[in-house]
């Protein structure tokens with residue numbers, strides 16, 4: 001399923017707009033709205049959209065975990081302590097710098113609702129986490145776990161919400177609503193009409209490179225499969 005969402009995201013990024021579409025807006029369709037895009041929550045947040053907006057410390061390159069917001073890491077001899085060295089050229093979509101303190105806020109929020117995420121083995125053995133300095137983040141496990149880096153790369157829940165995305169900076173909690181979907185990913189949600197569409201624009205502060213010449217993506221919410229097929233046939237959508 002993760003490969004399916006990854007494929008959809010790649011299509012959104014690299015597909016070229018059809019003739020007649022203005023301002024390089026890619027038009028697509030999905031059965032439902034993207035949701036409030038809380039990076040630490042599940043339904044009704046759509047996984048593909050969360051991946052467009054948010055990133056984790058690691059990513060999965062198709063074969064193994066690879067660097068993402070963490071440029072590298074070190075694992076202790078007993079394999080219980082992971083030290084992540086964070087990228088220094090990253091900003092959230094609102095221009096706020098990404099650092100280890102933001103990572104800690106996200107881990108605090110995820111672990112505050114540990115039961116929600118108890119399906120993940122890492123959550124159940126995560127003993128402590130801390131910002132060692134501005135760009136060094138450390139986690140300690142109660143026992144060695146070989147899939148730690150892999151689970152940190154999953155679409156949720158260990159994805160990074162910008163500090164201004166929390167309703168309360170002193171008490172980061174994402175069990176309810178977030179203030180705004182602010183991430184470090186290549187896209188940002190800029191408009192949303194429930195039952196109609198979600199509108200994404202490029203994140204001007206994105207640290208990576210995105211191919212193609214798409215400036216924005218308008219994803220229409222069309223619940224019926226036949227409606228999506230007809231819209232595609234009529235040229236109303238491209239994906």
In the stretch 217-239, anything surrounded by 13 or more Cβ atoms within 10 Å (Cβ to Cβ) and part of a loop (DSSP other than H, G, I, E, B) is listed as 222, 236, 237, 238, 239
Which residue out of 106, 38 is surrounded by 16 or more Cβ atoms within 10 Å (Cβ to Cβ), under 16 Å from the mean Cα position of the chain (by Cα) and assigned to a loop (DSSP other than H, G, I, E, B)? 38
Out of (1) farther than 19 Å from residue 223 by Cα; (2) free of Cβ contacts under 8 Å to residues at least 60 places away in the same chain; (3) buried (at least 19 other Cβ atoms within 10 Å of the Cβ), what's the single condition that is false for residue 70? (2)
Of the conditions (1) surrounded by fewer than 14 Cβ atoms within 10 Å (Cβ to Cβ); (2) in a loop (DSSP other than H, G, I, E, B); (3) at pLDDT below 95, residue 214 clears all except one; give me its number. (1)
Residue check: is residue 89 touching a helix residue (DSSP H, G or I) at 6+ places or on another chain (Cβ under 6 Å) and assigned to a loop (DSSP other than H, G, I, E, B)? no
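Is it the case that the stretch 181-193 has a residue that's in a loop (DSSP other than H, G, I, E, B) and either without any contact (Cβ under 8 Å) to a residue 40 or more places away in the chain or touching a strand residue (DSSP E or B) at 6+ places or on another chain (Cβ under 6 Å) (or both)? Walk me through how you get there before you give the answer.
As a first pass, look at the stretch 181-193 and keep what is in a loop (DSSP other than H, G, I, E, B): 181-186.
Right, trim to either without any contact (Cβ under 8 Å) to a residue 40 or more places away in the chain or touching a strand residue (DSSP E or B) at 6+ places or on another chain (Cβ under 6 Å) (or both) and you get 181.
Yes, the stretch 181-193 contains at least one residue that is in a loop (DSSP other than H, G, I, E, B) and either without any contact (Cβ under 8 Å) to a residue 40 or more places away in the chain or touching a strand residue (DSSP E or B) at 6+ places or on another chain (Cβ under 6 Å) (or both).
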Got a number for residues in the stretch 197-211 being more than 27 Å from residue 97 (Cβ to Cβ) and exposed (fewer than 13 other Cβ atoms within 10 Å of the Cβ)? 0
Residue within the stretch 45-60 that is closer than 21 Å to residue 183 by Cβ, surrounded by 16 or more Cβ atoms within 10 Å (Cβ to Cβ) and over 15 Å from the mean Cα position of the chain (by Cα) present: no
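With the condition kept exactly as written, say whether any residue in the stretch 156-163 is loosely packed, with under 13 Cβ neighbours inside 10 Å, modelled with pLDDT of 95 or more and either more than 23 Å from residue 60 (Cβ to Cβ) or within 19 Å of the chain's Cα centre (by Cα) (or both). Quick ask: steps written out before the conclusion?
Taking the stretch 156-163 as the starting set, the residues that turn out to be loosely packed, with under 13 Cβ neighbours inside 10 Å are none.
No; the residues of the stretch 156-163 include none that is loosely packed, with under 13 Cβ neighbours inside 10 Å, modelled with pLDDT of 95 or more and either more than 23 Å from residue 60 (Cβ to Cβ) or within 19 Å of the chain's Cα centre (by Cα) (or both).
The values are calculated or read from the model by the stated rules, or taken from the named source; none is laboratory data. None of the values given here were measured: they were computed from a predicted structure. Heads up, the Cβs are rebuilt from the backbone with ideal geometry, glycines too, and the neighbour counts pull from every protein chain shown.
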